[in-house]
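The values are calculated or read from the model by the stated rules, or taken from the named source; none is laboratory data. Because the structure is a prediction, the values reported are computed rather than measured. A quick note on method: Cβ atoms are made from the backbone with ideal geometry, for glycine too, and the neighbour counts reach across all protein chains shown. Heads up: the accessible areas ignore ligands, DNA and RNA and are worked out on the full protein's heavy atoms, side chains in. Shrake-Rupley method; radii C 1.70, N 1.55, O 1.52, S 1.80 Å.
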Amino acid sequence: MLKAGVLGAGHLGKIHLRLLNQSDKYELVGFYDADKTNAKNVEAEFGYKYYSSIDALIEAVDMVDIVTPTLSHYDCALKAIAKGKHVFIEKPITNSVEEAEEIRKLLAKHNLRGQVGHVERFNPAFIAIKDQIVNPMFIETHRLAEFNPRGTDVPVVLDLMIHDIDIILSVVKSKVKHVSASGVSVISETPDIANARIEFENGCVANLTASRISLKNMRKSRFFQKDAYISVDFLEKKCEVVKMKDAPENPGDFDMILQNAEGIKKQIYFDNPQISNNNAILDELETFAHAINTNTKPIVTLEDGTEALRVAHQIINCFN
């Protein structure tokens, strides 16, 4: 079992603490939080050991789980790496691409493992469908959330849209060619609603919408590719595949057949892949333990987190 310590005991930090405590892959050593009152309350309520300094906690563990506000990710990661510790960093990896690149290089130099908390990669609906997403040419994503002041220290692109950026970059095997976007600040100092268009060198186009002032929550993505339409509902954990194949010579009474202007007939059929329930946050933490123990590549690498951040900043730069 790897000794784990958590930096940050806010809303998400508490979830990480609970899951690490449950996991048979980790021994939860304790946590640090800059807010002493909150830290004492968490210690009293849950019994996790509170360390009064970051350095003392880092010394005591093998893996540091960074769940602090984004602006402090860089400093926390540097301290952990300097002590030879593996790091799990919540998304977005850091505040700037330069910081992310430095963390990535330092981890490689010290032969340490790092993973970024892009948790939607572990969503059971996406896991069930991802192998069927092959060379998509148009992608549409909607990630809408009811207002919550917790994320407003960063633009909606870094708070919400970055989830979809990472998913898109994981399935489109091509470089980004062009980014255009618009964003509107409604209640925060930074944009609360954003729409972005990402064009790839292979011709794929992705259209992303994110809002944190919606009346209802939605997290849906649609992937269009040759002879298939795939939809993933990350919130409801559902997915659907609509495929087309050459129509049979003698279709059955209930077969759905389409005929185009050239007279080519296609049969439409539906596939609902089996979805296995899981705890996505627990899975991302435990697969990271596996990567450390086997010295293999984590599922969401520092490179992945850096590229998602790079594209996010290209989108944000369009607002200025």
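Quick notes on this one:
- Every test in (1) more than 30 Å from Ala291 (Cα to Cα); (2) in a loop (DSSP other than H, G, I, E, B) is passed by Gly183 save one, and that test is (2).
- Test: Tyr26 is out of contact with any Ser or Thr (no Cβ under 6 Å at 6 or more places or on another chain), farther than 23 Å from His118 by Cα and of a type in the set (Phe, Trp, Tyr): no
- Contact map, region 76-101: residues that are polar (S, T, N, Q) paired with residues that are surrounded by 17 or more Cβ atoms within 10 Å (Cβ to Cβ) and not in a helix (DSSP H, G or I), Cβ distance under 7 Å, separation 6+ or inter-chain. No pairs are found.
- Where Asn111 falls short, out of the listed (1) open to solvent by 30 Å² or more (accessible area, probe 1.4 Å); (2) of a type outside the set (A, V, I, L, M, F, W, C); (3) at negative phi: (3)
- Count - residues of region 170-189 that are touching a residue at least 40 places away in the same chain (Cβ under 8 Å), open to solvent by 40 Å² or more (accessible area, probe 1.4 Å) and not aliphatic (A, V, I, L, M): 2
- Tally, over region 34-55, of residues that are in contact (Cβ under 8 Å) with a residue 24 or more places away in the chain and either under 20 Å from Ile103 (Cβ atoms) or aliphatic (A, V, I, L, M) (or both): 5
- Residue among Ile198, Ile167 that alone is open to solvent by less than 30 Å² (accessible area, probe 1.4 Å) and either without any contact (Cβ under 8 Å) to a residue 60 or more places away in the chain or farther than 25 Å from Ala145 by Cα (or both): Ile167
- Search result, residues across region 1-12 that are surrounded by fewer than 16 Cβ atoms within 10 Å (Cβ to Cβ) and either charged (D, E, K, R) or in contact with a Cys (Cβ under 9 Å, 6 or more places away or on another chain) (or both): Lys3
- Residues of region 28-41 classified as crowded, with 21+ Cβ neighbours inside 10 Å and in a loop (DSSP other than H, G, I, E, B), total: 1
- Given (1) part of a helix (DSSP H, G or I); (2) open to solvent by less than 30 Å² (accessible area, probe 1.4 Å), index of the condition Ile15 fails: (2)
- Look at (1) more than 13 Å from Gly8 (Cβ to Cβ); (2) not in a helix (DSSP H, G or I) and you find that Ala44 fails only one, number (2).
- Every residue from region 57-72 that is assigned to a helix (DSSP H, G or I), open to solvent by less than 30 Å² (accessible area, probe 1.4 Å) and under 20 Å from Ile292 (Cα atoms): Leu57, Ile58
- Close Cβ contacts (under 6 Å, 6 or more residues apart or on different chains) running from residues in region 304-317 that are farther than 15 Å from Ile168 by Cβ and modelled with pLDDT under 95 to residues that are open to solvent by 30 Å² or more (accessible area, probe 1.4 Å) and not small (Gly, Ala, Ser) are absent.
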